[in-house]
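> Mind looking over this structure? Questions follow.
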Amino acid sequence: MTEAGAGRSTPEEPWPVRVVSQKVSAWIAKLGWVWVDGQIAQISRRPGAATVFLTLRDPSADLSLTVTASRDVLDTGAPELAEGARVILHAKPEFYAGRGTLSLRADEIRQVGLGELLARLEKLKKLLAAEGLFDRARKRRLPFLPNRIGLITGRASAAERDVLLNTQRRWPAVDFRTINVAVQGPTAVPQIIDALRVLDSDESVDVIVLARGGGGVEDLLPFSDEALCRAVFGCRTPVVSAIGHESDAPLVDYVADLRASTPTDAAKRIVPDLAEEQRLIGQARHRLDRAVRGLLDRESHRLDGLRSRPALARPEVMVDQRAADLGALRDRAGRCLDHRIGTATGDLRQTVARLRALSPAATLERGYAIVQRADNQVVRAAGEVADGDPLRIRLAEGELSATVNG
């Protein structure tokens, strides 16, 4: 029989189940010894038996493996081990071909103490912060009044009661879609992630609230799980974290869009107070009414002022005043014109008198005459004519003809 490698065997050469099982067992055997981190979901100690059976669960996934260890290994490494504890064990994976099951055989078991848990959480916190999961710039603002609120919390828990009662007290018409999950233990993280996925895909949900009451560090560990933090970061719907009390700070608080100190505080943050909003609306209406009344009063006073002006109260007064002004201007213009005409008349008379005084005709009227030669040249001296030259003598009235004689 030949091996098909990464491809598929042909229908003509099928592998028997035992061969497949043997090959899987051989491949797993090559893994050798490994360190495994997980949470104890179940411990089975049979009286008188030298072997202890453990169920080791992945805190972030719905996955578990059976672990076998000798009683001495358990008593030496973790004598007080209980269900729900976090452990690190050194084990070898084994595949049982007959049953087709995978298990771990441990030769060392260490219970993770509180100090180590806190150190791991701090390391994870720095990693998530470096990746930007805590960045305030990406946090979204919650809607003022969500149409529907998604609530993820424990069944019949005080946290659920606090969120529902206080939210409905503030806004009675609020609508919830609640999904109850385990909030501690090995199944908490997978259930919370599934609930987040369901609510985030619901178009009617405007905000999601993670709520849990207080507890110890171990009780709140699911809300510091890396997978849960990344699931919250990937939600398109705003997420509110309301885990524990004010002093509790699981990592999901830093990833969520809003951290509420308690479930009651979450109720105050996700919906407004109806009574307070009604009071604010009443104040706003009062201010608006006062502003409108003030505006109307100012405009009324302005209109009264406009109506009281003479142009509107007695428009004929303005016409009469303009008519009087026009009459005064006409009289003034007439006086000015008469004065200028009189002045011009006097000046003209004086000019005419001067002209007449200087006119040759005036000189002729006093008995003088103008003697002209035949070429009309005025004779001013006797030497300008000779004997026999014809002359024309102009008088004040008429003229005479003469001839020079001696």
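> If you work out Cα Rg over 2.2 N^0.38 Å from the coordinates, which of (i) 1.03; (ii) 0.96; (iii) 2.81 do you get?
Recomputing Cα Rg over 2.2 N^0.38 Å here gives the entry labelled (iii).
> Here's something else I'd like to know. Evaluate E = 1/(1 + (r/R0)^6) for Glu226 and Arg155, where r is the Cβ-Cβ distance and R0 equals 22 Å; express this FRET efficiency to the nearest 0.05. Present the calculation step by step, with values, prior to reporting the outcome.
Numbers: r = 26 Å, r/R0 = 1.16.
Once the sixth-power term is evaluated, E becomes 0.30.
> Classify the stretch 151-310 as rounded, prolate or oblate from the Cα gyration tensor: take a ≥ b ≥ c as the square roots of its eigenvalues, call it rounded if a/c is under 1.5, otherwise prolate when a/b beats b/c and oblate if not. Before the final figure, lay out each step's value.
Details: a/c = 3.64, a/b = 3.25, b/c = 1.12.
Verdict is prolate for the stretch 151-310.
> Let me ask something additional. Using the Karplus equation 6.51 cos²θ - 1.76 cosθ + 1.60 (θ = phi - 60°), what ³J(HN,Hα) coupling, rounded to whole Hz, does each residue of the stretch 312-329 give in order, writing x for Gly and Pro?
9, 5, 9, x, 5, 5, 5, 5, 4, 5, 5, 5, 5, 4, 5, x, 4, 5
> Taking the alpha-carbon centroid of each part, what is the distance from the stretch 377-406 to the stretch 203-267 in angstrom?
Rounded to whole Å, the Cα centres lie 145 Å apart.
> Under the Karplus relation 6.51 cos²θ - 1.76 cosθ + 1.60, θ = phi - 60°, what is the ordered set of whole-Hz ³J(HN,Hα) values for the stretch 150-167, x standing for Gly and Pro?
x, 10, 10, 7, x, 5, 6, 8, 5, 5, 4, 5, 5, 5, 5, 5, 5, 5
> Still on this structure: Suppose R0 equals 25 Å; then what is the FRET efficiency for Val17 and Leu63 from their Cβ-Cβ distance, rounded to the nearest 0.05?
Calculated transfer efficiency: 0.55.
> If you count only protein heavy atoms with a 1.4 Å probe, what accessible area per residue comes out for the chain, rounded to a whole Å²?
Numbers: 25370 Å² over 406 residues.
Result: 62 Å² of accessible area for each residue.
> Could you tell me the distance between the Cα centroids of the stretch 99-172 and the stretch 272-317, to the nearest Å?
Measuring centre to centre over Cα atoms gives 55 Å.
> Which residue fluctuates the most in the chain, going by a Gaussian network model with Cα springs under 10 Å, if the choices are Gly185, Gly282, Gly342?
Gly342
> A further question follows. So for the stretch 24-141, Kirkwood radius off the Cα pairs, Stokes-Einstein at 25 °C and 0.890 mPa s: how many µm² s⁻¹?
151
> By per-residue mean of other Cβ atoms within 10 Å, what is the highest-first order of 294-305, 148-159? Provide the component values of the computation, followed by the final result.
On the way: 294-305: 10.0, 148-159: 19.7.
Averaged packing, sorted descending, gives the order 148-159, 294-305.
> Once amide H atoms are placed 1.01 Å from N in the peptide plane, what residues at a sequence separation of 5 or more from Ser70, or on another chain, have their amide H within under 5 Å of its amide H?
Val52
> What dipole magnitude, in Debye to the nearest 20, does the chain give about its Cα centre under +1 on Lys/Arg Cβ and -1 on Asp/Glu Cβ?
Numbers: 58 positive and 54 negative charges, 222 e Å.
Dipole about the Cα centre, nearest 20: 1060 debye.
> Mind ordering 243-253, 356-366 by average Cβ neighbours within 10 Å, highest first? Walk me through the numbers on the way to the answer.
Details: 243-253: 19.6, 356-366: 11.3.
So the peptides 243-253, 356-366, ranked by packing, come out 243-253, 356-366.
> Any aspartates and glutamates with Cα under 20 Å of the Lys268 Cα? List them, leaving off those in the same chain fewer than 8 positions away.
Glu160, Asp162, Asp175, Asp206, Glu246, Asp248, Asp253, Asp257, Glu276, Glu277
> Lysine pairs in the stretch 15-152 with alpha-carbon atoms under 26 Å apart, 8 or more places apart or on different chains: how many are there? Don't skip to the answer; put the middle values down first.
Numbers: Lys23/Lys92; Lys30/Lys92; Lys123/Lys139; Lys125/Lys139; Lys126/Lys139.
Lysine pairs meeting both conditions in the stretch 15-152 amount to 5.
> Based solely on its DSSP helices, what 222 nm [θ] is calculated for the chain when runs of n ≥ 4 H residues each add -39,500 (n - 2.57) and the sum is averaged over all residues, nearest 500 deg cm²/dmol?
-14000 deg cm²/dmol, from helical runs alone.
> In whole percent, how big is the carbon plus sulfur part of the accessible area of the stretch 329-392, probe 1.4 Å, protein atoms only? The partial results should precede the final answer.
On the way: 2910 of 5280 Å².
In the stretch 329-392, the share of accessible area belonging to carbon and sulfur is 55 percent.
The values are calculated or read from the model by the stated rules, or taken from the named source; none is laboratory data. What you see is a predicted model, and the numbers here were worked out from it, not measured in a lab. With ideal geometry, Cβ positions are generated from the backbone for all residues, glycine too; neighbour counts draw on all protein chains shown. SASA here: full protein model, heavy atoms, side chains in, ligands and nucleic acids out. Shrake-Rupley method; radii C 1.70, N 1.55, O 1.52, S 1.80 Å.
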